[in-house]
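Have a look at the structure below before the remarks.
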Amino acid sequence: MRNYQKFSVWEKSLTLDVYKLTHSFPKDEIFGLISQMKRASSSIPNNIERDLNFINSENGQKLLFQVEEVKKMLNGLIKKLNNAEV
């Protein structure tokens, strides 16, 4: 399984920075802006971890294979359409 923590996008997701920053926000924002910023910043690393775990699963590998097949088919269609215009 891939270690998602090695991905720079995961490292730079700013979750800890957002938590530190929002600590100084007015208390009346605790259920509004602060909550939204915390949820948004933590969703990035959580989604990366979840998606990498799925991709590494058997179902994820099947899906990636299907995506590659569709990619080849679409590229072929695009080439055919481009040649028809000439």
* Asked: Of all the residues that make up region 13-34, how many are exposed (fewer than 13 other Cβ atoms within 10 Å of the Cβ) and within 21 Å of N47 (Cα to Cα)?
  -> 2
* **Selected residue (criterion: nearest to the chain's Cα centre (by Cα)) from residues of region 26-73 that are under 21 Å from L16 (Cβ atoms) and in contact (Cβ under 8 Å) with a residue 40 or more places away in the chain** => I48
* Selection within region 1-58 - aromatic (F, W, Y) and either at pLDDT below 80 or touching a Gly at 6+ places or on another chain (Cβ under 9 Å) (or both) -> Y4, F7, W10, Y19, F54
* Structure fact -> Sole miss for F65 among (1) modelled with pLDDT of 80 or more; (2) not in a helix (DSSP H, G or I) is condition (2)
* Working carefully through the options N82, N75, N59, N53, find the one that is part of a helix (DSSP H, G or I) and surrounded by 12 or more Cβ atoms within 10 Å (Cβ to Cβ). => N53
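The values are calculated or read from the model by the stated rules, or taken from the named source; none is laboratory data. What you see is a predicted model; the values in this text were computed from it and never measured. As a convention, Cβ positions derive from the backbone with ideal geometry for all residues, glycine included, and neighbour counts pool all protein chains shown.
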